[in-house]
Amino acid sequence: MIDREQRYTHGHQESVLRSHRWRTAENSAGYLLPELRSGDALLDVGCGPGTITADLADRVAPGRVAAIDASAEVVDEARRTLAARGHGAAEVEVGDVYGLDEPDEAFDVVHAHQVLQHLGDPVAALVEMRRVCGPRGVVAARDADYAAMSWYPHDERLDRWLDVYRATASANGAEPDAGRRLPSWFRSAGFGTIAVTASTWCFAERAEREWWGSLWAGRVTGSAFAQQALEAGLTDEAEQAAMADAFRSWAQHPDGWFVVVHGEVVARA
């Protein structure tokens, strides 16, 4: 049975939304851009604050744009983002990826960024995304792979952060190492043709390090993830403070380097 009340590991605290607002089509959906055409009807699943959605809307205009997210709070922000970018007609609603309120073959493009990793049944979600995609359309997804993340210099406290995050996500029924699993999930969902790629976010310049380090320092002490990890008995507040300090120390290191690896799939039915 699909858990429709599944916990979202990250939550929607400001330290999380700051990261989500930074995302653009260029830095988070470049693999999909060659597929987009003016006039396409597009659905963005798990749209968050709408920054990627707005970029995609620019490229498919004047086509229909719809977006859903499970959080009413971020749906409101996405509506404001799209309106400010000239896409006030976009349909942005609270929605359920397991039961999309759309007819069959309603869209030319169905997109999900960092969504499948948080679902208890990503294959069922992909089956539903496939249902609402037209016969000549594409379904596209990009997800991080936490086990593939890498950083320098080494810090055992950051090793511990990764262990705690992966354990917390798994306890929520999620899959933190989703990136490598995307091709398998798409094939299990019945897609006939898939194109598989990978890309990264790399944080190495000083401003990038300070931004990324401050985000995660905030997340490990004051986010839904932090609270869930405590509730599950996976860590304690003293260790969380040490993890936060590790991120701040890494950010100040002149040779600091952090890479987030993502799997990507563009699929046709």
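Does anyone have the angle between helix 237-252 and the longest principal axis of the chain? Alpha-carbon axes, 0 to 90°, nearest 10? So the inclination is approximately 80 degrees. Seen against the Cα atoms of the chain and their longest principal axis, helix 206-222 is set at about 80 degrees.
The antiparallel fraction among DSSP beta bridges confined to the chain stands at about 55%.
Which value, in debye to the nearest 20, gives the size of the charge dipole of the range 138-245 about its Cα centre, when Lys and Arg are +1 and Asp and Glu are -1 at the Cβ? Walk me through the intermediate numbers first.
Values: 10 positive and 16 negative charges, 117 e Å.
Charge dipole of the range 138-245: 560 debye, to the nearest 20.
Close amide H pairs (under 5 Å, H built 1.01 Å from N) link Val138 with Val109, Val110, residues at least 5 positions away or on another chain. Dividing the convex hull volume of the alpha carbon atoms of the range 1-88 by its residue count gives 114 Å³ per residue.
Projecting the Cα atoms of Ala207, Val260, Trp250 onto the charge dipole of the range 177-269 (Cβ charges, centred on the Cα centre) puts Val260 farthest toward the positive pole. The heavy atoms of Asp58 present about 70 square angstrom of accessible area, all protein chains included, probe 1.4 Å. Relative to the longest principal axis of the Cα atoms of the chain, the long axis of helix 122-131 makes an angle of roughly 20 degrees. Placing unit charges on each Cβ (+1 for Lys and Arg, -1 for Asp and Glu) gives the range 1-139 a dipole about its Cα centre, and among Gly46, Leu17, Cys133 the Cα reaching farthest toward its positive end belongs to Leu17. Computed about its Cα centre, the charge dipole of the chain is approximately 600 debye, with only Lys, Arg, Asp and Glu carrying charge at their Cβ.
The values are calculated or read from the model by the stated rules, or taken from the named source; none is laboratory data. In this text the structure is predicted, and so the values were computed from the model without any measurement. So basically every Cβ, Gly included, is an ideal-geometry build from the backbone, and we count neighbours across all protein chains shown. Just so you know, the surface numbers come from the protein's heavy atoms only, side chains and all, with ligands and any DNA or RNA stripped out. Shrake-Rupley method; radii C 1.70, N 1.55, O 1.52, S 1.80 Å.
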